[in-house]
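Contents: one structure, followed by commentary.
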Amino acid sequence: MSQEKPIQLGVTPPISTEPSTEREIKLTNDLLETLKSYGLFESEQEAQKRVVVLGKLDKLVKEFVYKVSKMKGFPDSLAREAGGKIFTYGSYRLGVHGAGADIDTLCVFPKHVEREHFFTIMYDMLKERPEVTEISAVPDAYVPVIKMHFSGIPIDFICARLAVARVPDDLELADNNILKNLDERCVRSLNGSRVTDDILRLVPNVATFRIALRTIKLWAKCKAIYSNVMGFLGGVAWAMLIARICQLYPNACAASIVNRFFLIMYQWKWPQPVLLRPLEDGPLQVRVWNPKLYPADRSHRMPIITPAYPSMCATHNVTESTRKIMIQEFKNGIDVASNIILGSGQWSDLFVKSDFFQQFKHYLQITSSSYSSETQLMWSGLVEAKLRQLVLKLETVDMIELAHPYVKGFDKAHYCLNDQEVEDVMKGGLLNERSISVEEGGLEVDHIESLKANGIIKEEEKENIKKVYTTTFYIGLEIIKPKPENEVGGGRKLNLIGPIQDFQKLLPSELTSSKKTTTAVATTASQKRKNEEQEQDERSNTKKIKTNDESEHTTDLK
């Protein structure tokens, strides 16, 4: 009697179907314990809190749809039946979220509700909720989003308008026909949920996939290469890479998957795409990733293609610099993982943090600033969204070998005593004890009383305090060593005039006012600081870049 042929997951047959050895299984158990020691698994109490928050959000969505329906003249019964529903996607839906992680959430509403309603009416409804803090909207993003904290839980809230009259609670998104008559932004929003569900369907062992993905996500964050907006890979891209390795080794345990991940990703012939299943043609008039047809798709440097129709590139943000950085980290990972497998290393070796702030001699510092915490949340998000364009422009400068953006900005609240101090902090300066580093979710906290209690601010100074909020981003610059001045072409200076002016033009002109401003500052890292928050005297090592004096857009390369 012939054996039934196993189902193949993926675009090619597996490399090996051999089961893991006892040694590899033990290493997987050790890996799981290591992940637990890093606090990657949330408590039951936090898990229940997420369920409660999502329940409130779903109820709020239904109220939002009802409100818009009534505004459009619907009778009360039809307005109630219009429905509305939320779906989760990303790490929460994949089951790999950690303690304190955000929840990627999709709001789906019927055709009579517009996207503009989501970013006005829904935004205002959220803003009125006492549980909601640090709310900001980016309606013009590639995937428009409202970012917020709901009962302390970070949430990325996106939306999609379906071509249906009502959205019932039993609505599912798997059917491709649900994409009919939608614009590209709505299709992209829906694909977050559709892609997540497909990934889970396309891996041979979900439990193995989850452990391996948790490992690589932690590794990528430690190496500061986990950020789609900064030109690295986001959560869905890392998930698809791990899913592909799982397909190639369907019976391997998580330790084996992690070990093979580094070797295969380092040897991958980019820009050959990573696919979890063959590209699918559909009956809809929607764009599918096709480098033969679309020049923009041909330009993708590390294409990782989503499995849900219509397939898209999840890594269109990758630049030449960020590609080089990730490939180098894959190479470094080979050695570390091999030592672990051989018994001469331990899993914690994989999670040694990046030395970004010790890595370069030259940095570009971009400081966005505002007079209110609410404005700063929005403004810093807009600046962050454009930083990848600055990296692309820096890559065109002859003397720059590589531009390495750090994956996050650093928030500070400054308590200024006069206009000169305001000007200084807006240009990247610090006020020592009156410049306070702010953790995520704490931008709205007022520190005046604690500063007064500690004798940093006097009672008579309290009324004159001017608060300025800043978010500072860093780009490390690897510079080609210049020729000596006595040689032909020697003595050149690094000129950043063009990239910085072009970057500033990308920012909305209506926001670059006296109340919302962004400045760029070049700084050297000769002090070998371990991280930005520990550095309290940046002004002494900082060179300002002023838009009205082109001579200060250049720096000597010594």
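No value in this document is a laboratory result; all are computed from the given coordinates. From a predicted model like this one, the values you see are computed outputs, not experimental measurements. Methodologically, a virtual Cβ is constructed for each residue, glycine included, from the backbone with ideal geometry; neighbour enumeration extends over all protein chains shown.
I want to verify the translational diffusion coefficient of segment 269-394 in µm²/s; compute it with Stokes-Einstein, Rh as the Kirkwood radius over Cα pairs, at 37 °C and 0.692 mPa s.
Reported coefficient: 178 µm²/s.
If each Cα of segment 44-171 is one equal point scatterer, what is log10 of I(q)/I(0) from the Debye formula at q = 0.16, 0.21 Å⁻¹?
-0.77, -1.27
Using each residue's phi in segment 128-136, evaluate 6.51 cos²θ - 1.76 cosθ + 1.60 at θ = phi - 60° and report the 3J(HN,Hα) Karplus result to the nearest Hz, with x for Gly and Pro.
6, 6, x, 6, 9, 10, 6, 8, 8
Roughly what % of DSSP beta bridges within segment 44-171 run antiparallel, to the nearest 5?
65
What is the fewest-to-most order of Met240, Met378 by other Cβ atoms lying within 10 Å of their Cβ?
Fewest to most other Cβ atoms nearby, the residues stand as Met378, Met240.
Cα atoms only, the chain: Rg and Dmax in Å?
In Å, with Rg to one decimal and Dmax whole: 25.2, 93.
Computed over the Cα atoms of segment 9-76, what is the ratio Rg over Rh, Rh following Kirkwood?
Ratio of gyration radius to Kirkwood radius: 1.36.
Suppose a student asked you for the relative contact order of segment 227-378, using Cα pairs under 8 Å spaced at least 6 residues apart; what percent would you report?
Across segment 227-378, relative contact order equals 23 percent.
Hey, fewest Cβ within 10 Å first, where do Leu390, Leu78, Leu342 land in order?
Fewest-to-most ranking of Leu390, Leu78, Leu342: Leu342, Leu78, Leu390.
Please arrange Val65, Val206 by how many other C-beta atoms lie within 10 Å of their C-beta, fewest to most.
The most exposed by this proxy come first: Val206, Val65.
Based on DSSP H runs of at least 4 residues, each adding -39500 (n - 2.57), what is the mean residue ellipticity at 222 nm of the chain after dividing by all its residues, to the nearest 500 deg cm²/dmol?
The helix-only estimate for the chain comes to -11500 deg cm²/dmol at 222 nm.
Under a 5 Å amide H to amide H cut-off, with H placed in plane at 1.01 Å, what residues pair with Glu401 once short-range neighbours are removed?
Excluding prolines and chain starts, which carry no amide H, the hits are Glu478, Ile479, Ile480.
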